[in-house]
Amino acid sequence: MIFVLDIIFQSGDFHSEDTSNWWLDLLNTIIGAGIGSGVTIWALYRTFRQDKKTETKNKIEFQKEKLRYFQSLIRSINKDIKAQTDYFKTFSDTVKTNPLELPLLGYAPLNDLTQAVHKIDQEDYYHSYLAGFGSEQDKIEEFREIYSFLNFFDGNITLIKNSLQKSFDLDHKRKIDLKELLEKTMDEASGALVKARLNPNQSAFVTFLNDKIVEFHTNKPDETDLTYYIDNFVNKLKTKELVDFALNIPEAHSLILKLKACSQNYGIIKLQNLHLAGTFDKRHELFTQEYNKFQSKISRIDNYNG
């Protein structure tokens, strides 16, 4: 720029006064432009800093919101797991009271557990957890252990549901088989009665069978279950008196075998269901232990008030 001005001055086109004014005007223009540029840059810088602060503030608030949401999930899950654990005990106690019938297992609303394990971005919440509580190793392990417990509860409850359904299906099949066997046994008893009536030497056997069958039907309520058939037909027929008849009457011997099979199948149903009750006792014990351990891992997030 100085080189250009020198040429202009040397050309003699400007008087000294004009030259001086022109130079001042140019200088003012340059200074003004510099000041304007500086102000603009400073304004942009301040705006950038403000935007950066706002962005940081929003990011921190967003992380807090995620922690509050995670806290609500954990609190809900904690309550549901306690309820589910209690349902295991209730199921077991109910089966022990009546081993022939399997009650429905109560299920807590485990939607939040499903949400935490299968739907939310665990890595994203992991970073929010560390942002809120610090990134020390113990915080890292704490978050991982929380999810280890969540996976344990979720996976085992799913296995229990599937296993219990198989137990229900097997119990139903056993009862169908027993019902069919009871019907065949009753038909055989009726057939033995008809045949014995044709033999004058079997009048005592006829009286025995007839009395038992009439008593069964006379006392039969409108609604019956397998226990009624066992108590009022199988056990009433399966006596020493029938064993004595079996010494000389083949039909009595065959009937004894059928009655014995009915009793055995009935016993198996009850035994298997009691075994299932014992399994749920163990599940209740295991879940109680894991639930108690879980409490120490979630105390930080449970008490979060950010």
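The values are calculated or read from the model by the stated rules, or taken from the named source; none is laboratory data. This is a predicted model, so every value here is computed, not measured. Quick reminder, even Gly has a Cβ in these numbers, built from the backbone with ideal geometry, and neighbours come from all protein chains shown.
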For GLU223: the one exception among (1) surrounded by 13 or more Cβ atoms within 10 Å (Cβ to Cβ); (2) not in a helix (DSSP H, G or I)
(1)
Given the criteria within 28 Å of THR288 (Cα to Cα) and over 24 Å from the mean Cα position of the chain (by Cα), does ASP154 qualify?
no
Among helices (runs of 4 or more DSSP H) lying entirely in the stretch 97-207, which contain 1 or more residues that are among the aromatic types (Phe, Trp, Tyr)?
122-133, 137-197
Please state which one of LYS82, LYS57 is surrounded by fewer than 18 Cβ atoms within 10 Å (Cβ to Cβ), at pLDDT 95 or above and in a helix (DSSP H, G or I).
LYS82
Picking from ASP169, ASP154, ASP187, which residue would you name as being of a type in the set (D, E, K, R), within 30 Å of THR279 (Cα to Cα) and free of Cβ contacts under 8 Å to residues at least 40 places away in the same chain?
ASP169
For the subset of the stretch 76-115 comprising residues that are of a type in the set (Ser, Thr, Tyr) and under 16 Å from the mean Cα position of the chain (by Cα), which member is farthest from LEU271 (Cα to Cα)?
SER76
Just one listed residue, out of ASN292, ASN265, is touching a Leu at 6+ places or on another chain (Cβ under 6 Å) and assigned to a helix (DSSP H, G or I), and it is ASN265
Quick check on HIS253: is it part of a helix (DSSP H, G or I) and surrounded by fewer than 20 Cβ atoms within 10 Å (Cβ to Cβ)?
yes
Among (1) buried (at least 20 other Cβ atoms within 10 Å of the Cβ); (2) among the aromatic types (Phe, Trp, Tyr); (3) more than 18 Å from the chain's Cα centre (by Cα), TYR304 falls short only on (1)
Quick check on the stretch 63-72. Is at least one of its residues modelled with pLDDT of 95 or more, in contact with a Lys or Arg (Cβ under 6 Å, 6 or more places away or on another chain), aromatic (Phe, Trp, Tyr) and part of a helix (DSSP H, G or I)?
no
Of the residues GLU223, GLU290, GLU285, only one is at pLDDT below 95 and of a type outside the set (Ser, Thr, Tyr); which?
GLU223
Hey, does the stretch 127-142 have a residue that's basic (Lys, Arg) and surrounded by 14 or more Cβ atoms within 10 Å (Cβ to Cβ)?
yes
Inspect all residues belonging to the stretch 81-102 and state whether any of them is over 25 Å from THR227 (Cα atoms) and aliphatic (A, V, I, L, M).
yes
State yes or no: is PHE216 aromatic (Phe, Trp, Tyr) and outside the structural domain of GLN115 (by TED's automatic domain parsing)?
yes
Report, ordered by the first and then the second residue, all pairs with beta carbons closer than 6 Å, sequence separation of six or more or different chains, a first member in the stretch 257-273 that is touching a residue at least 40 places away in the same chain (Cβ under 8 Å) and at positive phi, and a second member that is charged (D, E, K, R) and in a helix (DSSP H, G or I).
none
